[in-house]
Structures are given as structure tokens and as C-alpha cells.
Amino acid sequence: MDLLLDAVVIGVLLGCFYAAVSIGLSVSFGLLDVPHVAHPAFLVLAAYLVFFINEHYGIDPLVAGLIITPLFFVFGLAAYRLYYETFERRGSDAGVRGIAFFFGVAFIIEVLIILQFGVDQRSVTAAYIGKSWRIGDMRIPYRMLVAFGVAMALTLLLTLYLSKTYMGRAIRAVAQDQEALRLMGANPIRVKQWAFGIATAVLGLAGALLIIVAPIDPTLDRAYIGRTFCVVVMAGLGSMSGTLVAAVILGVAESIVLTMFGASWAPAIAFAMLLGVLAVRPQGLFGRRS
Amino acid sequence: MALSLAISGLDAGYGAVKALRGVSLHVEAGETVALLGTNGNGKSTLMKCVAGLVRPQRGSMSLTIDGVAHDLTKLSTEAIVDLGVAMVPEGRRLFPKLTVLENLMLGAFRAAARREIERNLAVAFETFPVLKERKSQLAGTMSGGQQQMLAIARALMSSPRLLLVDEPSVGLSPLLVSQTITKIGELNQNLGLTVLMAEQNFNQAVRIASRGYIIVHGEIVVAANSVDELKGNDIVKRLYLGGIV
Ligand SMILES: Nc1ncnc2c1ncn2[C@@H]1O[C@H](COP(=O)(O)OP(=O)(O)OP(=O)(O)O)[C@@H](O)[C@H]1O
Ligand SMILES: [Mg+2]
């Protein structure tokens, strides 16, 4: 029983971490319909940059994540522009070719990381890494609490941005009706580019969490393709609060399976849940039928 | 405020499809002008040209505001909205998963419109009280008539002076068609909006229009200077009043 309670508590925190690494995809894939399979590769790239800054300048990984945030915003703007010019503007079969494009980008990023940092695992140092908080018999690692706090902040900020600002509302509208959005005097391509910039900028902090939570290696992105897409699809495309809830469900499920059946099963959970959601409730838990 | 729209010799199309051929038309300040035509004759294409959504292949389109002429063929939709042109598109084209209020606020996307949002929101709610009651409802869950009102109100949010309305009657019951047309007439009367309205419903359109054009296969075949002249026209009698339609 204690074991199960432990697993649930850790699972909730793990889930919040998953929310933080998925929420950018909730914007790029969920709201913009961009088949962004390079999202996890961008995430790992961010984690390596955080590693680099932490190692060379001794800067706290979260601060390092904030430092690279504007950089990633610009990177996102450029990546969308390239995707748009080469694929999206040509129309109909952009879907499949778009996936190929982003797989290519992910592959290039992986290779560049290996060339620059090698294949060894990397980790960062910070006061809150390696220590735990004890409540009764339970030990909660501080690094998971950090992930929890950052995930909450990101979800809240993105939700507010998307509902309270003109640009945020345009971002939610752009996938619903581009031509109507043009009639409002907004340029849909620029709206999408901006949104993709934000979806990428969020990866600054998410990448910091990735390396705070556990050591990283260049192929770690593969483990996160299933998880991030599972979370975004389960959430119902484009729902920020849904992303948090779906991520917590995945985190708890993984944590329980890990406790009961061992670590080798955990990575399969995301794919199993993704298939389950697609079969039973394709509009996601919080998606609305259109 | 003097505003007029002058279109002359306009050709437009989609790839091999020619949708407009040598269209000439003008709208003067304060008028309500009807663009009449049955399915597929080019009404929407003409409206989209004015709004900058479709680029004409030939001809001229100019909007004169206080004596200054603006060449619409060279401007983006953003710039055209800034000049004070708003369109209520055919089929409403709301953002169904956003609330009524969010739809309205998107109508005020341009920087100039954001500064006027309080006033325009008040006008929209005063004109269509039901929208105020339902401001938190998702647009896609409203009835057809309410959606048409929202589409019109959303267009008002950019402080337009020229309102393009494309087939407001589509998909509405006769009673709602009549109410919607009356509302558009009131916008012209009360807010001083200049209106260009595409319609298939002849009898409803001429209730509020002061004059009109008939478009057939992308060409203007009748340009009438009054509603009486329209009603007396042989082509109109054949198309709309003679029982074929
Ligand atoms: N996106 C498009 N691509 C290709 N052809 C088009 C497109 N839109 C319209 N057309 C064609 O252009 C012509 C004029 O269409 P348009 O929509 O302007 O007519 P309309 O008078 O608005 O008709 P309706 O009353 O059905 O709305 C038609 O032959 C139509 O098939
Ligand atoms: Mg039409």
C-alpha cells in the first residue's frame, strides 16, 4: 500500500514534468497542426545547451534555461519559416512530407549533438539535485518538486497568454479558419510563425527540467516522441490544462507500472495509451467534438 | 466622412476558372448597394477581391477616403481592414471553438481597433443584445440566426466604414432572413455604414438597398440606379420575378 502511494505521488510529479516537456507540442501540433516530430529533439538540444552553460559558467540550470529561451524563440521562428516555405505553402500533401522534414531535422540535431558532446551521458549540478524531502517514510526528490513548480507556471502562463491576449486568441483561431482570420486583419502565416516561436521558446525551461530530472544522452529524444505525442493527443489537441491532466495520468501510469512490473515496461506505456486514446476517444479527454 | 468604392474592368479567377469578367461597379458614401446573382455567378469572388483575399488579374479597384484614393489591388487584407473595410463572409465563418466574446475580440485584432474596443463592444451588444447574454457561449453551439448576428457584430469590431456582406440569408429561415436584412438596414441608417451586400434573395435585398447590380456568369448584366428600375428590368423579371426562381 505504501509502495502504491509512493508510486502515485512520484507519478504525479513525473506527470507534471511530462506536461512541461509536452506543452510546446500542444501548441505546435495541437493548435497549429504542424506534425512536429522534431519537438523532442529540440527538447534534448535545449537540455544540452543548459548543460553547456552550467558546465562552463556554473550557472544554475533553470537560469540557463531562461537564458536560452529567447534564443529558442528565434530558432522556432526560423524553423517554422523554413517548414512553411519548403512544405506547407505547397498545400495538400504537406502532412506526410512535413513529417519527413521534421524527422530529418531531428536526425540532424542528434548528429550535431553527438559531434559536439559525444555519446556519454551528461548531467548538471545544482543545490536541489540529489537531495530529497522526507515526509514520514516518503522521500520526494527536490528535483521533482522543481519540475512540478515549473510545469505549473508554464501551463498557467500559456493558458493566460492564449486566452487573454489578442495574439493568443489568434493562435487558437488560426487552425479553425485561416481565411476568416485574414478577414480580421491578422496574417495567418505570421500568427503561426509566432506561435511556433513560443512553442519552441518554452523548450528552454523544459530542456532544463529534462537534465535536472535525469542525466541525458543524444538519443533521449526517441523516448520522448511517444510520451509527448501521447500527452498532446490524450489532452485533446490544443488544450493547455488538458495537457497537464493527461501528462499526470501518463506519469502515474508509468510510475505504477514501474513499481509493479519493473522498468522495462515503462516506455511502452505511452504508446499503449496513445493507441488506446485514438481507438476509444480520438478527440482526446478534453477535446470537443467539432 | 466621404468614402467611395470604384471598381472598373475587373477580371478575376481561380487558375483556369474565370469568375469575373470586366466587372465595373461603384458604391458611394452612405449607400446600401445590392449585388444580385444566383449560385456560382461570382458574387463572393467580387467581395473577396475587395477584401484582398483574391487578387484580380486585370482592372482597377480604388477606395477613396476623404479625397485620397487607395489602390485596393495593391493592398493586403490587413491594410484594407485598416482603411475601414470589413467583410461578413458567406457562411458566417466564425471560430466555432471560441466563445462569442473571443470571436468579437478577434474582430478587433488591428491595433487601431484595439484602442476602440470598449466602444465597439458596447455598440455590438446594443445592436445584438442576445450576444451579450451569450458572450461566454462557444460560437459553434449557437443557432444559425445567432451565428449570423455574431458574424455581423464581429465585422463591426474593426470600426468599419464600408461593410461587405456576402449572402447573409444563406441557411436561415424566412423570418430570420427578414430580421437579419432589417438589422443590416439599421446599421446603414444608425451607424452611417456604407454597405455592399451580395444576395440571391431579391425581394429581401431590395427592401434595404437603394440600387443594385445583377451579375451573371461573372459579368454585370444590369446596373440599375433605383429599386424600381431593378424591378422593371426584363432580366430581373425573368431571373427573379417571373417564376423561374
Ligand atoms: N476556390 C475556388 N477555386 C476554384 N473555383 C472557384 C473557387 N471559388 C469559386 N470558384 C468558382 O468561381 C465561380 C464564381 O464563384 P463565386 O463563389 O464567386 O460565386 P457566388 O456568386 O458567390 O455563388 P454562391 O451564390 O454559390 O455563393 C464559380 O464557377 C465557382 O465554381
Ligand atoms: Mg458566394
**OP:** Would you be able to tell me the number of residues in the stretch B:87-142 that are open to solvent by 60 Å² or more (accessible area, probe 1.4 Å), of a type in the set (Asp, Glu) and within 10 Å of chain A (Cβ to nearest Cβ)?
**Re:** 0
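Within the bounds of the stretch B:32-39, is there any residue that is within 14 Å of another protein chain (Cβ to nearest Cβ), out of contact with any helix residue (DSSP H, G or I) (no Cβ under 7 Å at 6 or more places or on another chain), within 16 Å of ligand 1 (Cβ to nearest atom) and open to solvent by less than 10 Å² (accessible area, probe 1.4 Å)?
Among the residues of the stretch B:32-39, not one is within 14 Å of another protein chain (Cβ to nearest Cβ), out of contact with any helix residue (DSSP H, G or I) (no Cβ under 7 Å at 6 or more places or on another chain), within 16 Å of ligand 1 (Cβ to nearest atom) and open to solvent by less than 10 Å² (accessible area, probe 1.4 Å), which makes the answer no.
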Subject >> Pairs where the first residue, in the stretch A:60-77, is part of a helix (DSSP H, G or I) and the second is open to solvent by 40 Å² or more (accessible area, probe 1.4 Å), C-beta under 6 Å, 6+ apart >> reply: A:ILE68/A:LEU49
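Pick from the stretch B:52-86 the residues that are open to solvent by 20 Å² or more (accessible area, probe 1.4 Å) and within 14 Å of chain A (Cβ to nearest Cβ): which of them is nearest to ligand 1 (Cβ to nearest atom)?
For the stretch B:52-86, the residue satisfying everything is B:LEU53.
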Original post:
Of the conditions (1) within 14 Å of another protein chain (Cβ to nearest Cβ); (2) open to solvent by less than 10 Å² (accessible area, probe 1.4 Å); (3) under 23 Å from A:ALA153 (Cβ atoms), A:ALA199 fails just one. Which one is it?
Top reply: (1)
Original post:
Among (1) within 16 Å of ligand 1 (Cβ to nearest atom); (2) farther than 25 Å from B:ASN203 by Cβ; (3) assigned to a strand (DSSP E or B); (4) modelled with pLDDT of 95 or more, which single condition is B:CYS49 missing?
Top reply: (3)
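So that you can scan it fast, the table gives a plain yes or no per residue for (1) away from every other protein chain (no Cβ under 14 Å); (2) touching a residue at least 12 places away in the same chain (Cβ under 8 Å):
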| site | (1), (2) |
| --- | --- |
| A:ILE140 | yes, yes |
| A:ALA151 | yes, yes |
| A:LEU162 | no, yes |
| A:GLY168 | no, no |
| A:ARG172 | no, yes |
| A:ALA175 | no, yes |
| A:VAL191 | no, yes |
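Filtering the stretch B:1-31 down to residues that are open to solvent by 40 Å² or more (accessible area, probe 1.4 Å) and of a type in the set (Ser, Thr, Tyr), which residue is farthest from ligand 1 (Cβ to nearest atom)? Lay out the reasoning, then the answer.
Here is the first cut: in the stretch B:1-31, the residues open to solvent by 40 Å² or more (accessible area, probe 1.4 Å) are B:1-2, B:6, B:8, B:14-18, B:21-22, B:24, B:26, B:28-30.
Restricting the remaining residues to those that are of a type in the set (Ser, Thr, Tyr) gives B:8, B:14, B:24.
On the way: B:SER8: 19, B:TYR14: 3, B:SER24: 17 Å.
The selected residue is B:SER8.
Could you list all residues from the stretch B:40-51 that are more than 17 Å from B:SER76 (Cα to Cα), more than 14 Å from every other protein chain (Cβ to nearest Cβ) and buried (at least 16 other Cβ atoms within 10 Å of the Cβ)? Give the derivation first.
Step one: list which residues in the stretch B:40-51 are more than 17 Å from B:SER76 (Cα to Cα), which gives B:40-44.
Those still in the list that are more than 14 Å from every other protein chain (Cβ to nearest Cβ) too: B:40-43.
B:ASN41, B:GLY42, B:LYS43 - these are the residues of the stretch B:40-51 that are more than 17 Å from B:SER76 (Cα to Cα), more than 14 Å from every other protein chain (Cβ to nearest Cβ) and buried (at least 16 other Cβ atoms within 10 Å of the Cβ).
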Original post:
Cβ-Cβ below 6 Å, separation at least six or inter-chain, first residue in the stretch B:31-44 and closer than 12 Å to B:LEU164 by Cβ, second within 14 Å of ligand 2 (Cβ to nearest atom) and in a loop (DSSP other than H, G, I, E, B): which pairs?
Top reply: B:LYS43/B:GLY37; B:SER44/B:GLU90
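The values are calculated or read from the model by the stated rules, or taken from the named source; none is laboratory data. Predicted model only: the values in this text are computed from it and were never measured. Quick reminder, even Gly has a Cβ in these numbers, built from the backbone with ideal geometry, and neighbours come from all protein chains shown. Remember, those area values only see protein heavy atoms, side chains included, never the ligands or the DNA or RNA. Shrake-Rupley method; radii C 1.70, N 1.55, O 1.52, S 1.80 Å.
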